[in-house]
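First up is the structure itself, then whatever we jot down about it.
The values are calculated or read from the model by the stated rules, or taken from the named source; none is laboratory data. For clarity, every value in this text was computed on a predicted model and none was experimentally measured. Here the Cβ positions follow ideal geometry from the backbone for every residue, glycine too, while neighbour counts run over all protein chains shown. SASA here: full protein model, heavy atoms, side chains in, ligands and nucleic acids out. Shrake-Rupley method; radii C 1.70, N 1.55, O 1.52, S 1.80 Å.
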Amino acid sequence: ARTPQESMELDRGGPHIIVKDLAYDDTRYVVDLAVAGCVNTMPEATMEAVFDHGSCKGDTITPSIAAAAATWQALEALGIDRIAVCDKLEADGVTSFISAWERLRDTVRSAMA
């Protein structure tokens, strides 16, 4: 597991998802989300961690679809708007990606100056 400092350093490296909760395994977002037709981009350190000690569990997504749908139905019954939630998550993710990309671009630009 990485220290908080190591996670911050990796996060500055470019647009990607890293494990923010250090209690999670450093391969979590790869081995738990591997499914046919999915493309997973990751930082080199994550790829090396998967090669070193990761164990892909197979398709963990498809068997969870019915449970996920039931969860959304329960949330909607409580008045939580699924579309609004997804739109917000998407907008926040795009904003975060753009910010990370711009930081990476500025770092490269400075290094080339």
(message) Quick check on my filter: what residues within the stretch 26-65 are more than 26 Å from F97 (Cα to Cα) and outside any loop (DSSP other than H, G, I, E, B)?
(response) D52, H53, T62, P63, S64, I65
(request) Among the candidates R28, R109, single out the residue that is open to solvent by 90 Å² or more (accessible area, probe 1.4 Å) and among the basic types (K, R). (result) R109
(message) Can you find a residue that is touching a residue at least 60 places away in the same chain (Cβ under 8 Å), open to solvent by 80 Å² or more (accessible area, probe 1.4 Å), more than 12 Å from T27 (Cβ to Cβ) and not polar (S, T, N, Q) anywhere in the stretch 78-97?
(response) yes
(message) Residue under question is R2, and the condition is that it be at pLDDT below 80, within 26 Å of S99 (Cα to Cα), of a type in the set (D, E, K, R) and open to solvent by less than 70 Å² (accessible area, probe 1.4 Å); does it hold?
(response) yes
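This table checks each residue for (1) at positive phi; (2) modelled with pLDDT under 80; (3) of a type in the set (A, V, I, L, M).
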site	(1), (2), (3)
V19	no, yes, yes
L22	no, yes, yes
R28	no, no, no
V35	no, no, yes
T41	no, yes, no
E48	no, no, no
